[in-house]
Amino acid sequence: MIRTFNYTGRKRIPRTRVVVRLQDGPGGPPRFDASIDLTGLGLPAEARVFVEAYRRYLFQRFDFGSVGRLVPPEDRNLIDMPPRSLVMFRAKVVSLDEAGRILAAADRIIPRRSENEPTDKLSLLPVDFMDLGDLVWRLDLEGDWPSLQLNNRLEGIRETARSDDYFLSLIYPEVVRQILNRILIVDDYTDPEGDPDDWQSQWLRFARGLMQDKRLPPSGFSEPDLQEKLGWIERAVEAFGHYQRVLERYDRARTSGKPS
């Protein structure tokens, strides 16, 4: 039976303290490695540490020992998770009492898939691969974190999304527009300095960092507020296009006669 936990009064573990790397096993289930830094958080050494992998309704829990002695389990295979799918992780520090209190936690941890990916970099747009029927891509804004869904029926789609100039120039500006529209127009979220772990704050900081004018639009749903938000979104998309050299990439791919 899976033990239930009491979340009352828990501390927050910064996501940068939990680094998860995911590997697709050849001919077998994916496997993960996790590095957890709990120093300086004032947690009791005997408290238990768990890492959980989840994808929608799928869920697996792994015992990583205690705060004072972190010991990854030998079996870290994600047998319940589809290969090459988007799996999220959370880390929990749990008391030994009967209440099973959560003393500290980090949630919505996006795993890294490359050894060369910096450990201090947070992925703003994880990619998921699934059967999308006749669609090439779709943006999912209903999960724990925005994700770009790509049709796994297309051969080479993973490499296309990573390095193809046609794909980047035609798809990613629209992805940025849709995400900022959800944040500012639908959710009326305008504080990039809010919760540092919220994806909305991280995306606003990213977008504002690309722009020369660092002012943010006002909060609210009045017509003037909405128009100002829409204008800000378009300027952010333009700044993203300039940062990524979108027009240059598209023209290079077009004149070469094939995606690069």
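Coordinate-derived values only; no laboratory data. Because the structure is a prediction, the values reported are computed rather than measured. As a convention, Cβ positions derive from the backbone with ideal geometry for all residues, glycine included, and neighbour counts pool all protein chains shown.
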Task: Highest to lowest packing among 219-227, 135-143, 10-18, scored as the average C-beta count within 10 Å - done: 10-18, 135-143, 219-227
Open item on the list: Just to be sure I understand the rule: take each whole DSSP H helix in the chain, project its Cα atoms onto its long axis, keep it if the span is 20 Å or more and its mean Kyte-Doolittle hydropathy is at least -1.0. Which ones pass?
Closed with: 165-181, 223-243
TODO: Mind giving me the nanometre distance, one decimal, between the label points for ASP131 and TYR57, set 7 Å out from Cα along Cα→Cβ?
DONE: 1.7
- [ ] Between the alpha-carbon centers of the range 13-58 and the range 64-83, tell me the distance in whole angstrom.
- [x] 7
Task: Of [x] 1.00; [y] 0.94; [z] 1.13, the label for Cα Rg over 2.2 N^0.38 Å derived from the coordinates - done: [z]
Task: Residue of PRO30, PRO44, PRO173 that the Gaussian network model of the chain assigns the largest fluctuation, springs spanning Cα pairs under 10 Å - done: PRO44
TODO: Choose one answer from VAL237, VAL246, VAL186: the residue with the largest mean-square fluctuation in a GNM of the chain with alpha-carbon springs under 10 Å.
DONE: VAL186
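Rg/Rh for the range 51-201: what does it come to with C-alpha atoms and Rh from Kirkwood?
On the way: Rg = 17.9 Å, Rh = 17.8 Å.
That ratio is 1.00, to two decimals.
Determine the sum of side-chain charges near ALA106: Lys and Arg each +1, Asp and Glu each -1, restricted to other residues whose C-beta is under 9 angstrom from that of ALA106. Display every interim value, and only then the final one.
On the way: positive: ARG12, ARG15, ARG17, ARG90, LYS92, ARG108; negative: ASP107, ASP197.
Taking every Cβ under 9 Å from that of ALA106, the sum is +4.
Local charge sum around PRO146 (other residues, Cβ-Cβ under 10 Å, Lys/Arg +1, Asp/Glu -1)? Write out the running numbers ahead of the final one.
Numbers: positive: ARG182; negative: ASP140, GLU142, ASP144.
Summing Lys and Arg as +1 and Asp and Glu as -1 gives -2.
Below 8 Å between Cα atoms, with a sequence gap of 6+, how large is the relative contact order for the chain in percent? Before the final figure, lay out the partial values.
Working: 419 pairs, mean separation 37.9, N = 260.
It rounds to 15 percent for the chain.
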- [ ] Mind jotting down the distance between the C-alpha centroids of the range 117-189 and the range 228-256, whole Å?
- [x] 16
TODO: For the range 150-260, build the convex hull from the C-alpha positions and give me its volume per residue in Å³.
DONE: 119
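Could you compute the net charge surrounding LEU135? Neighbours are other residues with a C-beta less than 14 Å from the C-beta of LEU135; K and R count +1, D and E count -1.
Working: positive: ARG138, ARG153; negative: ASP128, ASP131, ASP134, ASP140, GLU174.
Neighbour charge sum, excluding LEU135 itself: -3.
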- [ ] Starting from the Cα-Cα distance between LEU247 and ASP144, subtract it from 0.36 nm times their residue separation and give me the gain in nm to one decimal.
- [x] 33.9 nm
